[in-house]
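Throughout, read-outs are computed from the coordinates displayed, never taken from laboratory work. The shown structure was predicted, so the numbers you read here are calculated from the model rather than taken from an experiment. Don't worry about glycine lacking a Cβ; one is built from the backbone with ideal geometry, like all the others, and counts go over all protein chains shown.
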Amino acid sequence: MDVLALHGRLGVAIGLYFAALGVWGLVLGASGSGPTPSFRGAIVIAEVVIVLQGALGGFLALRVAPEWIHVLYGFALLAAMPLAATVVREYSPRRASFALGLAALFAAGLAVRGITTA
């Protein structure tokens, strides 16, 4: 598998992963629970994978100039969850789960937009 195919498949995996995280966060909120350590850990795993995705994209950018909007969506995706986690720090546990779930769904949308601009 070449690097371009890996970058594309990893992008799809990131979008699906964030969609699953979003549903998980909404279920946590609906059940009245706050973000669990497992949920927060899953967010951290997603961020690490986004950094790896960016490194692959940087390697590809050495070969072919990327669309600037594609790169912008990548940076927005990288920043979305840490910003959301910072904002929800003062929220009630239930509200924090809902907000992080919605932020993860937003991040899934950013991943889809990044894929469509490639």
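Counting Lys +1, Arg +1, Asp -1, Glu -1, what net charge surrounds residue 88 among other residues with beta carbon under 13 Å of its beta carbon? Let's see the in-between values first.
On the way: positive: 40, 89, 94, 95; negative: 90.
Result for the local shell: +3.
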Between residue 83 and residue 5, what is the spin-label point distance in nm, taking each point 7 Å from the Cα along the Cα→C-beta axis?
3.5
How much net charge surrounds residue 104 when only other residues with a Cβ under 12 Å from its Cβ are counted (Lys, Arg +1; Asp, Glu -1)?
0
Structure-derived P(r) over Cα pairs in 10 Å bins from 0, in percent: which label, when the choices are (1) 15, 46, 26, 12, 2; (2) 13, 48, 33, 6, 0; (3) 12, 27, 14, 17, 18, 9, 3, 0
(1)
What are the ³J(HN,Hα) couplings of the range 27-41, residue after residue, when phi is run through the Karplus curve with 6.51, -1.76, 1.60 and θ = phi - 60°? Round to Hz, x for glycine and proline.
5, 4, x, 5, 7, x, 9, x, x, 7, x, 5, 5, 5, x
In whole angstrom, how far apart do the alpha carbon centroids of the range 1-67 and the range 97-118 sit?
9
Here, residue 45 and residue 92, labelled 7 Å along Cα→Cβ, have an inter-label distance in nm of 3.0
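Between the DSSP loop rule and a limit of at most 16 other Cβ atoms within 10 Å, which chymotrypsin sites (Phe, Trp or Tyr not before Pro) in the range 65-94 are left? Each step should come with its number before you reach the end.
Numbers: sites: 68, 73, 75, 91; in loops: 91.
Taking the range 65-94 and a limit of 16 other Cβ atoms within 10 Å, the loop chymotrypsin sites (Phe, Trp or Tyr not before Pro) found are 91.
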GNM result for the chain, Cα springs below 10 Å: residue of 95, 63, 40 fluctuating most strongly:
63
Taking 47, 67 and counting other beta carbon atoms within 10 angstrom, the fewest-first order is 67, 47
